[in-house]
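Derivation of every value follows stated rules applied to the coordinates shown; laboratory data play no part. What you see is a predicted model; the values in this text were computed from it and never measured. For neighbour counting, all protein chains shown are included, and Cβ atoms are generated from backbone atoms with ideal geometry for every residue, glycine included.
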Amino acid sequence: MLSLYFVVTWLCLIFCGASQEDGVGCGFTSPWLESVVMSMKLTKQGFHRDLVYELRHEPTSHPVKALLLHRLPNGVYMDQYQLADLREEMGLQVLLDSALDLEAPAHVSSAFSALVFLSPPEPLQAAVPVHGRYHKASSSGGWERVIIEPPRLLLRSENCDIVDTGIPHRVVDAPCTIQNQSLCSWLEVYGLQVPSVSVELPVGDSSLIIPKRAESRFRGEKVRSCCRSGLPISQVPWKFAEWSCTVPISLLLICPCISPDLNRATLPFFSLFLPVLLLLLNHV
């Protein structure tokens, strides 16, 4: 019985040790990891871009999967609804750490994280839509530069276990798939030389913004110049005054306050229909 125990122990050391050696390497040996090259670039123009990731490496006996953990600044956003459509249509696998407000400007938004899953076939790559946010206007206008730093790179294989190799990388737990139902061990790769990218977005000129009080005063003056007599100014809706002042012919037909003569001749007729007309125009 004792001899059988030693035989089993010996066999276990042989096969378990071999398995662990494969796990340590798992295709992820130091020389192989030095062959890993990751790139990131922005394509397209304007506010709506594509963030293109690509991962290349030497061939390995184990199919390699990659997970990019990307922290993005508040100056850009990813549309969760667009990502869901692209997942159905093209198999793009991107998981966001939280729901994003797609309409909020940059100065009231927060940074967020995106998990980008890359799977065979080679090369491992993905084009993820990213959109620029509107920025708060400044006194000089101009452009705002938004810098996007590179993501963290995690690797794993379905055919072997990832264990700590002692090399300058570490094993971390992260979601196995985009379903985010379980955690797997991933090898985080350090030392990749991936440059950051940037996008320049236009900024509004705050000196061109009309203050609310000035805007109200401007509207009042326009109403006064439009309707000198007849209806009280307080009863002339702004939308009606603006529309009637830009359409003189229509104004002659519907606004009895253009001239005293026209007012006296048409006031009995328009007094019946003008309240309804003003109400309709105020909701245009």
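Taking amide H as placed 1.01 Å from N in the peptide plane, Asn74 has its amide H under 5 Å from the amide H of Ala111, each at least 5 places away in sequence or on another chain.
Only Cα pairs under 8 Å and at least 6 apart count here; give the relative contact order of the range 79-190 as a rounded whole percent.
Numbers: 115 pairs, mean separation 22.9, N = 112.
The value is 20 percent.
Counted by neighbouring Cβ atoms within 10 Å, the residues Ile178, Ile147 run from fewest to most as Ile147, Ile178.
Using the Cα centre as the reference, give the magnitude of the dipole from point charges on the C-beta atoms of the range 30-103 (Lys, Arg: +1; Asp, Glu: -1; all else neutral), rounded to the nearest 20 debye. All intermediate terms of the calculation are to be shown ahead of the outcome.
Working: 7 positive and 11 negative charges, 58 e Å.
For this selection, approximately 280 debye.
Look at Lys41, Lys65 and count the other Cβ atoms within 10 Å of each Cβ; fewest to most, that gives Lys41, Lys65. Computed from backbone phi, the HN-Hα couplings of the range 183-192 come to 9, 10, 7, 10, 9, 7, 9, 10, x, 6 Hz, rounded to whole numbers (Karplus: 6.51 cos²θ - 1.76 cosθ + 1.60, θ = phi - 60°; Gly and Pro given as x). Over all Cα atoms in the range 30-206, the spread is summed up by Rg and Dmax: 17.7, 60 Å.
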